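Engineer: Handing you a structure now.
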Amino acid sequence: MGTTAIAEIWQEVLGVPVADDDDFFALGGQSLAAMEVVAAVRRRLGISVRVRVLLEHPVLADFADQLARVAEGAPDRS
């Protein structure tokens, strides 16, 4: 899974441009914004993950990798 769709979600929630190596929290993200991101991922991409996944993988590329694993059927180990 590419990072483009996820980057768009982060940009909408955080209100700033993002790159693959950006850290969600360094960009101003906090727990409420993380919940918004996870809800948008579920709604738009059909991938259901826990907020904890974003908390443990706050770099965009890493979070995208985790979403890809879940989408491929790997268990959410969070």
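The values are calculated or read from the model by the stated rules, or taken from the named source; none is laboratory data. Bear in mind that the values here come from a model prediction, so they are computed numbers and not experimental data. Glycine gets a Cβ as well: all are built from the backbone with ideal geometry, and neighbour counts include every protein chain shown. Accessible surface is based on the protein model in full, side chains and every heavy atom, while ligands, DNA and RNA are left aside. Shrake-Rupley method; radii C 1.70, N 1.55, O 1.52, S 1.80 Å.
Engineer: For Val59, which sequence-distant residues (separation of 5 or more, or a different chain) have an amide H within less than 5 Å of its own amide H, given hydrogens modelled in the peptide plane?
Structural biologist: The answer is Phe24.
Engineer: In deg cm²/dmol and to the nearest 500, what is the mean residue ellipticity at 222 nm of the chain if only DSSP H runs of at least 4 residues count, each as -39500 (n - 2.57), divided by the residue total? Spell out each step's value before the answer.
Structural biologist: Working: 4 runs with 44 residues, N = 78.
Rounded to the nearest 500, it is -17000 deg cm²/dmol.
Engineer: Now a separate question. Tell me the carbon and sulfur percent of the accessible area for the chain, rounded to whole percent, probe radius 1.4 Å. Display every interim value, and only then the final one.
Structural biologist: Numbers: 2110 of 4300 Å².
Carbon and sulfur atoms account for 49 percent of the accessible area of the chain.
Engineer: Moving to a separate point now. Whole-Hz Karplus ³J(HN,Hα) for segment 45-61, in order, using 6.51 cos²θ - 1.76 cosθ + 1.60 and θ = phi - 60°, x for Gly and Pro?
Structural biologist: Rounded to whole hertz, the list is 9, x, 10, 9, 10, 7, 4, 4, 4, 5, 4, 8, 10, x, 7, 3, 4.
Engineer: Right, next: Run the numbers for Gln11 and Asp65: contour at 0.36 nm per residue of separation, minus the present Cα-Cα distance, in nm.
Structural biologist: Details: separation 54, 0.36 × 54 = 19.44 nm, distance 1.80 nm.
Working it through step by step, the gained length comes to 17.6 nm.
Engineer: If packing is taken as the mean number of other Cβ atoms within 10 Å per residue, what is the order of 2-11, 42-51, highest first?
Structural biologist: On the way: 2-11: 16.8, 42-51: 13.8.
Highest mean packing first, the order is 2-11, 42-51.
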